[in-house]
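**Student:** Pasting a structure here, questions to come.
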Amino acid sequence: MNREIDQKSRRDQIKKGPRAGRIALLVLLLVAATFLGHLRFDLPVETLAREYAGETSSFIDIDGLDVHYCEEGAGEPLVLIHGWAASLHTWDSWAEILKEDFRIIRMDLPGFGLTGPAESADYSLDFYVDFLDRFLTALGVEESHIAGNSLGGGITWLYAASHPEKVKKAILIDAAGYKMESTPSITRLAGPKAVQSMLRYVTPRYAVGFLVKQVYGDKEKVTGDTVRRYYRLLLREGNREVLFKVLDKTHKLGDKEVRELLNGIEAPALIMWGEQDAWIPPELAYRFEQDIPGARLITYEGAGHIPMEEIPEITARDAKSFLLGE
């Protein structure tokens, strides 16, 4: 009897073998089709420049890097620094509103927008502070107001701390700097190096749309044109290679070191924060307020991680009032 059962079991295994192989092959084919379906090649900067280099756009060589920037308006210089995965276009509305009172200067940081990656860069905050100083020196700007969002906020406060003589007033908008107990979903999802390598080539537009909606408090304000801009500029040749290098470096400073640097900032500072920020916890706004001498804080109900893009009229009004001392 046992012998008959063993023979039957072997026959069943033989039957199952081809079926299991077919299922595995089918799964593999589905994975490959999904991969190929979302495969996206880099776009040349010349193509993107026809879409995203406007009338006020210029390019300037900074140590061999062709940096895209815009300059408009008149008055005291106001430098605007964008955040991670963004571009100078995140400030379009601010530039339009504030150019009557200030000389607005904004750039695509190395690794983002039309500027693209820089050779031999480590993409740390120190790297970006050095870049900003060289950029402003090349433009002949000796002293300015500076406003920065997210990564740009981290660059702003570190620049104010290390170059106090060059910063008149500083605005930090949902700024990076402190270590966070929890991290944005994109960093958790893309943590493994293998996933990061895959995302270098597999970049679905709907995934970019999901991330853009994450940084808005009111998802209804996210338009197709906004998602398209973020998506297209992300595909600029070389930009996807930089994305996670920047994330790996942004929060390398210890909180004690951050606090000491913030304590040394001499420029008047305004902190602006969206109360629905899903990327950098709003409670960190109060730490910036506490650690920067004399800092003021404004929070925005319903706004997310990029309030200057989501609610530009309100935030630009508050920025203007602060900068002009009204």
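**Student:** Which one of these does T115 not meet: (1) out of contact with any helix residue (DSSP H, G or I) (no Cβ under 7 Å at 6 or more places or on another chain); (2) surrounded by fewer than 24 Cβ atoms within 10 Å (Cβ to Cβ)?
**Tutor:** The number of the failed condition is (2).
Here's the yes/no breakdown for (1) among the acidic types (D, E); (2) surrounded by fewer than 18 Cβ atoms within 10 Å (Cβ to Cβ):
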position	(1), (2)
G217	no, no
G224	no, yes
R232	no, yes
G238	no, yes
E241	yes, yes
L253	no, no
E257	yes, yes
W279	no, no
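**Student:** For the stretch 148-179, enumerate the residues that are in contact with a Gly (Cβ under 8 Å, 6 or more places away or on another chain) and part of a loop (DSSP other than H, G, I, E, B).
**Tutor:** S150, D174, A175, A176, G177, K179
**Student:** Moving to a separate point now. How many residues are at pLDDT below 95 and surrounded by fewer than 24 Cβ atoms within 10 Å (Cβ to Cβ) when one looks only at the stretch 151-180?
**Tutor:** Number satisfying all stated conditions: 3.
**Student:** Right, something else. Tell me the residue from R287, R296 that is at pLDDT 95 or above, among the charged types (D, E, K, R) and under 18 Å from M180 (Cβ atoms), please. Please lay out each step first, then the result.
**Tutor:** Details: R296 fails: under 18 Å from M180 (Cβ atoms).
After ruling out the rest, the residue left standing is R287.
**Student:** Do we have G148 as in contact with a helix residue (DSSP H, G or I) (Cβ under 6 Å, 6 or more places away or on another chain), modelled with pLDDT of 95 or more and farther than 24 Å from G75 by Cα here? Outline the logic, then answer.
**Tutor:** Details: in contact with a helix residue (DSSP H, G or I) (Cβ under 6 Å, 6 or more places away or on another chain): yes; modelled with pLDDT of 95 or more: yes; farther than 24 Å from G75 by Cα: no.
Answer is no for this residue.
**Student:** Determine if the stretch 280-292 includes at least one residue that is acidic (D, E) and either on the phi > 0 side of the Ramachandran plot or without any contact (Cβ under 8 Å) to a residue 12 or more places away in the chain (or both). I'd like the intermediate steps shown before the answer.
**Tutor:** To start, the set of residues in the stretch 280-292 that are acidic (D, E) comprises 283, 289, 291.
Now narrow it down to the ones that are either on the phi > 0 side of the Ramachandran plot or without any contact (Cβ under 8 Å) to a residue 12 or more places away in the chain (or both): 283.
Yes, the stretch 280-292 contains at least one residue that is acidic (D, E) and either on the phi > 0 side of the Ramachandran plot or without any contact (Cβ under 8 Å) to a residue 12 or more places away in the chain (or both).
**Student:** Test of understanding: among I314, I298, which residue is surrounded by fewer than 21 Cβ atoms within 10 Å (Cβ to Cβ), part of a helix (DSSP H, G or I) and of a type in the set (A, V, I, L, M, F, W, C)? Break it down into steps so the answer makes sense when it comes.
**Tutor:** Details: I298 fails: part of a helix (DSSP H, G or I).
After applying the criteria, what remains is I314.
**Student:** Is it true that K320 is basic (K, R), assigned to a helix (DSSP H, G or I) and either in contact with a Phe, Trp or Tyr (Cβ under 7 Å, 6 or more places away or on another chain) or surrounded by fewer than 17 Cβ atoms within 10 Å (Cβ to Cβ) (or both)?
**Tutor:** Details: basic (K, R): yes; assigned to a helix (DSSP H, G or I): yes; either in contact with a Phe, Trp or Tyr (Cβ under 7 Å, 6 or more places away or on another chain) or surrounded by fewer than 17 Cβ atoms within 10 Å (Cβ to Cβ) (or both): no.
No.
The values are calculated or read from the model by the stated rules, or taken from the named source; none is laboratory data. Keep in mind the model is a prediction, meaning the values are calculated, not measured. We place every Cβ from the backbone using ideal geometry, glycine too, and count neighbours over all the protein chains shown.
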